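Shown next, in structure tokens, is the structure this report addresses.
The values are calculated or read from the model by the stated rules, or taken from the named source; none is laboratory data. Predicted model, so just to flag it, every value in this text is computed and none were measured. Neighbour counts run over all protein chains shown; Cβ positions are idealised from the backbone, glycine included. Note: areas computed on protein heavy atoms with side chains; ligands, DNA, RNA excluded. Shrake-Rupley method; radii C 1.70, N 1.55, O 1.52, S 1.80 Å.
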Amino acid sequence: MPDYLSAFQNTSSAAAVIMSVALMLFSGFIATRLTKRLRLPDVTAYIVSGILIGPYCLHLVPPRIIEGMDFLPDIALAFIAFSTGEFFKVSVLKKNGLKVVVITILEAFLTSVFVFVAAWFVLRLNFAFSIVLAALASATAPASTMMTIRQTGAKGDFVNTLLQVVALDDVVGLVEYSIAISVALASISGRGGFSLRNVLLPIVVNAGVLGLGCFFGLVMKWMLFQRRSTDNRLIISIALLSSFCGICTLFDVSPLLGCMSMGTVYINLTEDDKLFKQLNYFSPPILLLFFVRSGVSFQLGALFRTSAAVGSVPLLLVGVIYFLVRILGKYAGAFWGCFLVRKPKNVRNHLGLALIPQAGVAIGLAALGARTLGGETGSALQTIILASSVLYELIGPACAKLSLYLSGSYQTRIEDIVPEEDLSQGEGQKSSIELLIERIQKIQKDLPPPKTLLSEEEEAFLEASEKQYAAMEAGRRYANIHHSRTRRF
């Protein structure tokens, strides 16, 4: 290791943390310059940059700093889940809620069945390992999906269906995991059946988290009244999210469901979507650090070990089979789910592509499963999920972006924005230059006023900043008037 790297590794704790955070932010930003040229989502750049600066490449981030950032996934998931709750408006759910439930259950269940058949019947792996791995396969990654949608500005029925399916996916995944882990523990102990307590306890815990999230949503609605200044609204909402996340971490449960229910309760009680936009504009640096850290934590060497407790198959082969079979299960399940509820062809054919990413929830459940199963079985489970999650985050966002484009949720060609036939219905034959000029003029007419060229998140954050500045100016004027009156007397 070069001398300057050794000096950095051995520097003071505060300096190492600050420099590591700055390095992660800069590396993620620089990597996006390349991925934008390749038309890949930003999430892919964050993962790759984390791998490059991690212990298996440049070794730029000290291991103690990586271990000390364990809180990042929980904080990032809290923001992601709360933002997802915005899409669970009662009016929207009444319109296509049952359809989304059917699609989600079918695609999650088929994915788990595909993975279990491949692991238990084909690879002849340990039963406990196979059934827990199959349950984890149903979970997806709302973070990368939402960031890809935000980056492309995609809208429409496909996007609404995708966001609701991704959110419900983790609910189904948590239920599947609670059942699978109890069956796995029963098989390890050698009992013929399984304990009803082991099945019901995780379900009761997650129901309690949902209820606590609803309570926090009520508290948020009570505290964020209209006369509250916008800067204090942001402070209070972040404080509530962090508090809820801390409570869940204290009891070793995922904050995802609770934060989701918090956002759902708040949006249905207040119809205040501006708070979600302000948080979305605030959260990108946190999400960047979360994904870069995921890449930094990737342990390449663990894939080349064989675990006797799992089976005689190398973990690398298990990871490859899991990676491919899960993709097949997601696509097949989403296709047949959409077919049963008669979703349009553009949703049916491309929804499965957008469900490939897998990260936060699966990694958190894998860590819990590793502690519960213990030994080599738990270690192998965590290794497979961590390694495959990195791969899913590399190709998943690109597949999600492709699905958004193929489904017509956003356009990049001028022919899609302004059809050629609409502009050629004039007298006489027009030249290509004249047609191009007419297209440009038509686009200009359809453009919103200059004030709305900013994104909705930027507008919401800018409005909060302007109100804060106005309040500061008012306070300064009051102080000057009071000072001048005091001098008179």
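Name the residue that is surrounded by the fewest Cβ atoms within 10 Å (Cβ to Cβ), counting only residues in segment 348-361 that are in a helix (DSSP H, G or I) and modelled with pLDDT of 80 or more.
349
Restricting the first residue to segment 376-392 and requiring it to be under 17 Å from residue 295 (Cβ atoms), which pairs with a second residue that is open to solvent by 60 Å² or more (accessible area, probe 1.4 Å) and assigned to a helix (DSSP H, G or I) meet a Cβ separation below 9 Å and a spacing of at least six or different chains?
387/316; 388/320
Would you mind finding the one in 443, 395, 437, 433 that is open to solvent by 10 Å² or more (accessible area, probe 1.4 Å), out of contact with any Cys (no Cβ under 9 Å at 6 or more places or on another chain), modelled with pLDDT under 60 and in a helix (DSSP H, G or I)?
So the residue among 443, 395, 437, 433 that is open to solvent by 10 Å² or more (accessible area, probe 1.4 Å), out of contact with any Cys (no Cβ under 9 Å at 6 or more places or on another chain), modelled with pLDDT under 60 and in a helix (DSSP H, G or I) is 443.
Taking residue 28 as meeting all but one of (1) modelled with pLDDT under 85; (2) within 20 Å of the chain's Cα centre (by Cα), write down the number of the exception.
Evaluating residue 28 over (1) modelled with pLDDT under 85; (2) within 20 Å of the chain's Cα centre (by Cα) leaves (1) as the failure.
Kindly indicate whether residue 153 is open to solvent by 40 Å² or more (accessible area, probe 1.4 Å) and small (Gly, Ala, Ser).
yes
Given the conditions (1) over 23 Å from the mean Cα position of the chain (by Cα); (2) surrounded by 12 or more Cβ atoms within 10 Å (Cβ to Cβ); (3) at pLDDT below 80, report the number of the one that residue 206 does not fulfil.
(1)
Out of all the residues in segment 254-275, is one or more farther than 30 Å from residue 376 by Cβ and aromatic (Phe, Trp, Tyr)?
The answer is yes, given that some residue of segment 254-275 is farther than 30 Å from residue 376 by Cβ and aromatic (Phe, Trp, Tyr).
Looking at (1) outside any helix (DSSP H, G or I); (2) of a type in the set (Lys, Arg); (3) closer than 25 Å to residue 168 by Cβ, find the lone condition where residue 227 falls short.
(3)
Which members of segment 23-69 meet the condition of being open to solvent by less than 20 Å² (accessible area, probe 1.4 Å), in a helix (DSSP H, G or I) and of a type in the set (A, V, I, L, M, F, W, C)?
Within segment 23-69, 24, 43, 45, 47, 53, 65 meet the criteria.
Could you list, in sequence order, all residues of segment 374-386 that are open to solvent by less than 30 Å² (accessible area, probe 1.4 Å) and out of contact with any Phe, Trp or Tyr (no Cβ under 8 Å at 6 or more places or on another chain)?
374, 378, 383, 385
Go through 185, 133 for me and flag whichever is open to solvent by 10 Å² or more (accessible area, probe 1.4 Å) and at pLDDT 75 or above.
185
Residue check: is residue 182 over 24 Å from residue 47 (Cβ atoms), in a helix (DSSP H, G or I) and without any contact (Cβ under 8 Å) to a residue 24 or more places away in the chain?
Spelling it out, residue 182 is indeed over 24 Å from residue 47 (Cβ atoms), in a helix (DSSP H, G or I) and without any contact (Cβ under 8 Å) to a residue 24 or more places away in the chain.
Of the residues in segment 73-92, how many are in contact (Cβ under 8 Å) with a residue 60 or more places away in the chain and more than 17 Å from residue 258 (Cα to Cα)?
Residues flagged as in contact (Cβ under 8 Å) with a residue 60 or more places away in the chain and more than 17 Å from residue 258 (Cα to Cα) within segment 73-92 amount to 2.
Could you pull out the residue among 256, 200 that is open to solvent by less than 30 Å² (accessible area, probe 1.4 Å), at pLDDT below 80, of a type outside the set (Val, Ile, Thr) and out of contact with any Gly (no Cβ under 7 Å at 6 or more places or on another chain)?
That would be 256, the only listed residue that is open to solvent by less than 30 Å² (accessible area, probe 1.4 Å), at pLDDT below 80, of a type outside the set (Val, Ile, Thr) and out of contact with any Gly (no Cβ under 7 Å at 6 or more places or on another chain).
Among the residues of segment 315-347, what is the count of those that are hydroxyl-bearing (Ser, Thr, Tyr) and open to solvent by 50 Å² or more (accessible area, probe 1.4 Å)?
Qualifying residue count, segment 315-347: 1.
If residue 169 satisfies all but one of (1) at pLDDT 80 or above; (2) under 20 Å from the mean Cα position of the chain (by Cα); (3) open to solvent by 30 Å² or more (accessible area, probe 1.4 Å), what's the number of the condition it fails?
Condition not satisfied by residue 169: (3).
Is there any pair linking a residue in segment 294-306 that is among the hydrophobic types (A, V, I, L, M, F, W, C) to one that is modelled with pLDDT of 75 or more and outside any helix (DSSP H, G or I), with Cβ under 6 Å and at least six apart or on different chains, and which?
Short answer, once both residue conditions are applied: 296/54; 296/61; 300/56.
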